[in-house]
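For reference, the structure is listed below as structure tokens.
The values are calculated or read from the model by the stated rules, or taken from the named source; none is laboratory data. The shown structure was predicted, so the numbers you read here are calculated from the model rather than taken from an experiment. So basically every Cβ, Gly included, is an ideal-geometry build from the backbone, and we count neighbours across all protein chains shown.
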């Protein structure tokens, strides 16, 4: 039975919140729905791909039944040609969290975009704003040299940032180089500067970590195949026709979408597209786990996402957590 409450924490205590984090296919959404059966929550998506309208299959977006059963926020915000920053996410998430609290509910953060979590919990470092002229210069250089060469160039300026980026991660390489040019400092140095951002919530952090990495890889392959069977190629084709997207369009940089677009552009065959999509998703999971290990400022309560009784474990933990007894 779901606990109901209209009680709002008084001004002397921080409002409670829950965050369910983990790599792709770790079961975050499933556990969130189990939590929603027992606690008065509203879900806030922490997913940089689910903000895009028309991108449903490849983002594993909640279906209509799920969206109708529990309120969801920060889904379907922008078109595939638009950009959405970590700063925008922080503002939107905090606004949603305050409104949920005012309704006597608990904000339940669910997703795997670790940069968004970092921005929300720790605030944003003083990075310079985007400069279209610099970005155009970087893009022109990348057209001539390729993004692997740009990655090597970044390594000379900022080896710490370069080490955590893949050579084909054009969006993040572009931004890291842009920051280097504008600030005349490595982005990693700016990110390390203390922030002291206000985050007025007492958050219970739940991290879903695989006890067996190979088993997670098996899940990833199965999910990608399920997405293909559900019509991912048709979805990307429709987006391409409606919005005239290309490889540099923000939304098409999302894992899965990039590889399907390459297939539709006759750059690769379907078997190669499948293998590349699965490999890219594995790399994403690896980066997500690296981010989780690095989030030392927030106490993580880890659970093996492969456990058969995962939902029971998480619910038992939450039941014992006094902060949530509102």
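For this structure, a couple of remarks:
Table: residues versus (1) touching a helix residue (DSSP H, G or I) at 6+ places or on another chain (Cβ under 8 Å); (2) outside any helix (DSSP H, G or I); (3) not assigned by TED's automatic domain parsing to the domain that holds residue 208.
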{"position": "81", "(1), (2), (3)": "yes, yes, no"}
{"position": "89", "(1), (2), (3)": "yes, no, no"}
{"position": "94", "(1), (2), (3)": "yes, no, no"}
{"position": "101", "(1), (2), (3)": "no, no, no"}
{"position": "112", "(1), (2), (3)": "yes, yes, no"}
{"position": "119", "(1), (2), (3)": "yes, no, no"}
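- Qualifying residue in the range 231-251 (condition: without any contact (Cβ under 8 Å) to a residue 60 or more places away in the chain, in a helix (DSSP H, G or I) and farther than 27 Å from residue 147 by Cα): yes
- Whichever residue in the range 181-194 is outside any helix (DSSP H, G or I) and surrounded by 14 or more Cβ atoms within 10 Å (Cβ to Cβ) and, among such residues, is modelled with the highest pLDDT: 186
- Taking every residue in the range 63-81 that is within 17 Å of residue 93 (Cα to Cα) and pairing it with any residue that is at pLDDT below 95, at least 6 positions away or on another chain, the pairs with Cβ-Cβ distances below 6 Å are 78/84.
- Failed item, numbered, when residue 291 is tested on (1) touching a helix residue (DSSP H, G or I) at 6+ places or on another chain (Cβ under 7 Å); (2) modelled with pLDDT of 90 or more: (2)
- Considering the conditions (1) in contact with a helix residue (DSSP H, G or I) (Cβ under 9 Å, 6 or more places away or on another chain); (2) modelled with pLDDT under 95, residue 278 is excluded by exactly one of them, (2).
- Members of the range 178-191 that are without any contact (Cβ under 8 Å) to a residue 40 or more places away in the chain and under 22 Å from the mean Cα position of the chain (by Cα): 188
- Number of the exception - residue 239 against (1) modelled with pLDDT of 95 or more; (2) farther than 16 Å from residue 50 by Cβ: (2)
- Within the range 156-176, being surrounded by 17 or more Cβ atoms within 10 Å (Cβ to Cβ), assigned to a helix (DSSP H, G or I) and in contact with a helix residue (DSSP H, G or I) (Cβ under 7 Å, 6 or more places away or on another chain) holds for 157, 161, 162, 170, 173, 174, 176.
- Any hit, the range 264-272, residues being touching a helix residue (DSSP H, G or I) at 6+ places or on another chain (Cβ under 7 Å) and surrounded by 21 or more Cβ atoms within 10 Å (Cβ to Cβ): no
- Complete set of residues in the range 276-313 that are closer than 21 Å to residue 47 by Cα, crowded, with 17+ Cβ neighbours inside 10 Å and more than 18 Å from the chain's Cα centre (by Cα): 303
- Within the range 123-147, being part of a loop (DSSP other than H, G, I, E, B) and over 16 Å from residue 90 (Cβ atoms) holds for 128, 130, 131, 146.
- All positions within the range 279-300 that are without any contact (Cβ under 8 Å) to a residue 60 or more places away in the chain and within 17 Å of residue 57 (Cα to Cα): 280
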